[in-house]
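The values are calculated or read from the model by the stated rules, or taken from the named source; none is laboratory data. Keep in mind it's a predicted model, so treat the numbers as computed, not measured. Note that each Cβ is placed from the backbone with ideal geometry, even for glycine, and that neighbours are counted across all protein chains shown.
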Amino acid sequence: MKANTTDILKWFYPGIGIKRWVGLSALGVILLILGTANLRSEEFWLIQILDALVVISGIIILILGVKRLMRSFIAIFVPSSRGTELIDILYQKKHLSRGARIVTVGGGTGLSVLLSGLKNYTSNISAVVTVADNGGSSGRLRQQFDVLPPGDIRNCLVALADAPALMRDLFQFRFDANSEFSGHSFGNLFLTVMTRLTGDFEKAIKETSKVLALRGQVIPSTLGDVTLVAHYLDGSMVIGEEQIPLARKPINRVSLTPEEPLATPDALKAIKEAQIIVLGPGSLYTSIIPNLLIKEIAQEIASSEAIKVYVCNVMTQPGETDGYSVSDHIKALLKHSNEQILDYCVVNNGEVPAEVLKRYSKDNSLLVVNDRKKIENLGVRLVEEDFSMIAGGVIRHDAEKLAKIILSFIEEI
């Protein structure tokens, strides 16, 4: 009993910003009690008017006190809401919680761009992300600390974060070359430390999600220590996601080692409950297909009644999809998974400036050809929209436009 009383008194410690609003609310209640005590009596009409004014004042003060008290609690538990009207916060949370149930499958920067757009319309987002990366900061952490690669997971966490901008920037901060942490991002190190502390990569992601106040969830496609292997048309092969594009040879297929890793239960559950499943955007062989090589995931997507959409890249990727048309991308997806994996393919039809195309062509990256007839022959419906943008001379997906295109499919359900 004493402990409970002490805990209650802690709410009234100085500096918390609670006491004043509790006191104001209490004053409102007192005025209501005093005003209503004689409101129905047969006293002089002027006294009744004064009592009515006291009641009205009590109601106004009580509403103001409760509103400010709620704002204090929200500011503590949802820091990004500071300065926002309470009604706007409640409406936004309720509105987003009623949004479409969307599962995205992939990895890399393309997927994180889509997520940053979708989170403005729904909080029912599940990002199923590959863990086959072995390059850069992720690869080094994977080797040194025996953890799953955190890079793609980090990008998706930051994209869905509702935390203040400074917190998002912190997770994306990358140490410079003069540091012992050269090349590492803070977010990768944070996830690595959390994994070591909790002993569980999946739990580390969930705890980090709380820190970043996610609108949705980020789920690794598997918890197995998998490596991506490319098998080329000339019969050769390369092991490791980072090395695959460097060979600059036509890819016949890719596989995972060890074979047949288990899918995470959360990924399967999210796919089962989804209304829309989106593959991409992102690198075809190194970001999207590695998730589909997990048979349980491919089978769950194929059997799902959700709308299944593939967002095709605007440009070909050197060493990975050289010379590929849209139908070639789709054929690769079907070859590595299941014929029932797709309903629609979204293709960009916006114009790209000639000078930008010329710059890309120097690296043998060209516009992906939209071969409509071949796409239709594959049983996939084509959706042509303008969702590209140029930022610093680089072709990017427009997060807002792409999100609206994806959400428009909810009308088909």
Being at pLDDT 95 or above and either surrounded by fewer than 21 Cβ atoms within 10 Å (Cβ to Cβ) or charged (D, E, K, R) (or both) is the filter here, so list the residues in the range 124-140 that pass it.
none
When you look at residue 247, is it crowded, with 17+ Cβ neighbours inside 10 Å, touching a residue at least 24 places away in the same chain (Cβ under 8 Å) and among the small types (Gly, Ala, Ser), yes or no?
no
Scan the range 161-183 residue by residue and report those that are of a type in the set (Gly, Ala, Ser) and more than 27 Å from residue 210 (Cβ to Cβ).
177, 179, 182, 183
Cβ-Cβ under 8 Å pairs, at least 6 apart or on other chains, the range 168-180 side at pLDDT 85 or above, far side basic (Lys, Arg)
171/154; 172/154
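Conditions (1) of a type in the set (A, V, I, L, M, F, W, C); (2) outside the structural domain of residue 401 (by TED's automatic domain parsing); (3) under 16 Å from the mean Cα position of the chain (by Cα), marked per residue:
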| site | (1), (2), (3) |
| --- | --- |
| 103 | yes, no, yes |
| 106 | no, no, yes |
| 114 | yes, no, yes |
| 117 | no, no, yes |
| 123 | no, no, yes |
| 135 | no, no, no |
| 170 | yes, no, no |
| 190 | yes, no, no |
Kindly evaluate residue 266 against the criterion of being surrounded by fewer than 22 Cβ atoms within 10 Å (Cβ to Cβ), at pLDDT 95 or above and more than 16 Å from residue 220 (Cα to Cα).
no
Would you call residue 300 among the charged types (D, E, K, R), assigned to a helix (DSSP H, G or I) and within 30 Å of residue 273 (Cα to Cα)?
yes
When you scan the range 306-413 for helices (runs of 4 or more DSSP H) that lie fully inside it, which ones turn up with 2 or more residues that are surrounded by 14 or more Cβ atoms within 10 Å (Cβ to Cβ) and in contact (Cβ under 8 Å) with a residue 40 or more places away in the chain?
326-335, 372-377, 399-407
Residue in the range 320-334 that is touching a Gly at 6+ places or on another chain (Cβ under 7 Å) and at pLDDT 95 or above present
no
